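Heads up, the thing below is written out as structure tokens.
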Amino acid sequence: MPATRAPFIDVVPEVRTVTHLDPHEVYRGQVFHAGLLWEGHSAGTVEDYRIDVHDPDTFAVIASAPVPHTLEFLYPFAPKTILAVGKHFDQRRGWLTYHSTVQLDTVNPSPRLRVRVNTMPRRLQVEQFGGSAGAMWFNETGSRKVFRWNGWWARPLRPDVSFPGAMIPSGRWLFVLERNDFRPGQETIARIDTVTHGIERTFPDTRRHLTMMLDLEGLPWIAAPEAWADQVLLVDKATNRLAATLPVPGTPVAVARHGQCLVVFAAEARQASFFDLESGGFPLVARWDLSGLGNDCLNVRSMQIDPHSGRLFLRSPFHPRVYGNTPSVRVAIDPDGATLACCIGRSLRPTSLPPRGDGHAVA
């Protein structure tokens with residue numbers, strides 16, 4: 001049970017709209033990487049699919065490129081490069097899945113994107129990616145497998161994993177979010193030994209809607225929000241055991257790392273909670289009131305953080321059962337830098353640093 005540092009900071013951030021998405025955009029494809037915000041657009045026809053790169057201060061699109069498949073998930077991959085996973089229906093070959101690398105070229109006067117499209121074999125209906133350029137892991141939900149990809153062939157791990165989802169490599173192990181039903185609410189985490197192919201479930205019973213996993217690099221845990229239990233689980237990577245639970249009322253659905261803090265977005269409460277992971281008891285150091293998102297931002301499923309400014313970027317795509325939602329990307333701006341100071345030990349207060357164009361300071 002985490003402690004609560006008294007008093008923690010109560011913050012009412014400024015909320016702005018970064019961009020509106022197509023009314024039928026259903027994917028969460030968003031990542032903050034290389035100091036920039038990358039947004040996928042996958043509505044309409046394949047001619048409309050594209051990736052945009054936004055300046056995190058002005059929100060302007062500084063580069064854009066077409067991609068011939070949906071952009072369902074975006075991942076950091078290499079310097080100035082991300083990896084996108086998605087699908088497209090080919091008239092001759094049927095449904096194909098792709099992973100494309102998108103690199104930002106800043107050598108020319110105007111930044112531009114270089115897209116390299118990689119088509120997966122038809123038998124592999126890939127959903128998500130895990131790892132890095134040196135160790136690429138993909139899942140294949142239909143075959144209940146996860147596999148290592150070397151660019152030419154797939155080497156599957158032997159254990160079956162039901163509807164495998166997000167993957168996190170850690171040493172010789174691969175952690176996989178296991179979904180025991182296509183409907184949410186029956187998830188667990190499986191740890192697979194990539195040498196012996198042994199598998200061990202983290203929990204004896206399924207959990208109440210694990211929405212994602214996040215590797216807390218440099219720390220011994222993986223974080224996983226358990227939405228219907230109003231808590232975030234910290235799993236010890238070495239022992240594969242539950243190390244701690246962080247109570248987060250209001251349906252926590254997304255987590256992100258900000259310096260020494262874990263940031264948790266609660267959809268029903270419309271709050272972001274900041275927990276100090278390097279202090280005993282994981283105290284709550286700040287809580288943001290995100291009611292300023294408005295009554296039409298109702299399906300946030302992806303949260304990214306600008307580590308420089310502490311801004312939160314929240315993507316709310318279309319969902320057929322969420323009425324009144326306006327698909328969009330919005331940003332919550334720390335008004336005085338106090339939360340940033342708690343999480344990374346420096347402040348953006350205008351009194352100590354020169355202002356930038358929008359009136360906020362830069363470090």
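Remarks
- Rough spin-label spacing in nm, given labels placed 7 Å along Cα→Cβ, for V12 and H24: 4.0 nm
- Proximal lysines relative to K145, as straight alpha-carbon distance under 20 Å, when same-chain residues fewer than 8 apart are discounted: K87
- If you take the Cα centroid of the stretch 77-126 and the Cα centroid of the stretch 34-53, the two points sit 11 Å apart.
- The chain: antiparallel DSSP beta bridges as a percent of all, rounded to 5: 95 percent
- Cβ screening of the chain for cysteine pairs under 4.7 Å finds these without a partner: C297, C342.
- Cα centroid separation, the stretch 322-344 to the stretch 175-204 (Å): 32 Å
- Residues N295 and W153, FRET efficiency given R0 of 56 Å [Cβ-Cβ distance, rounded to 0.05]: 0.65
- Burial ranking of peptide ranges 89-99, 252-262, 125-135, 229-239 (average Cβ count within 10 Å, highest at the top): 252-262, 229-239, 125-135, 89-99
- Pairwise Cα separations in the stretch 1-90 fall into 10 Å bins from 0 onward with the following percentages, short to long: 15, 40, 23, 15, 6, 1.
- The local environment of R330, defined by Cβ-Cβ distances under 9 Å, has a net charge of +2 under the rule Lys, Arg +1 and Asp, Glu -1.
- According to the Cα-based calculation, Rg over Rh for the stretch 133-175 is 0.93, with Rh computed by the Kirkwood formula.
- With semi-axes defined as the square roots of five times the eigenvalues of the C-alpha gyration tensor, the equivalent ellipsoid of the chain measures 31, 27, 19 Å, largest first.
- Shape analysis of the stretch 230-344 places it in the oblate category; the axes a ≥ b ≥ c from the Cα gyration tensor give an a/c of at least 1.5, with a/b not above b/c.
- In the chain, Cα pairs under 8 Å separated by at least six residues give a relative contact order of 15 percent.
Computed from the coordinates by the stated procedures, all read-outs in this text should not be read as laboratory data. Every value quoted in this text rests on a predicted model; they were computed, and no experiment measured them. Note: ideal-geometry Cβ built from the backbone for every residue, glycine included; neighbour counts use all protein chains shown.
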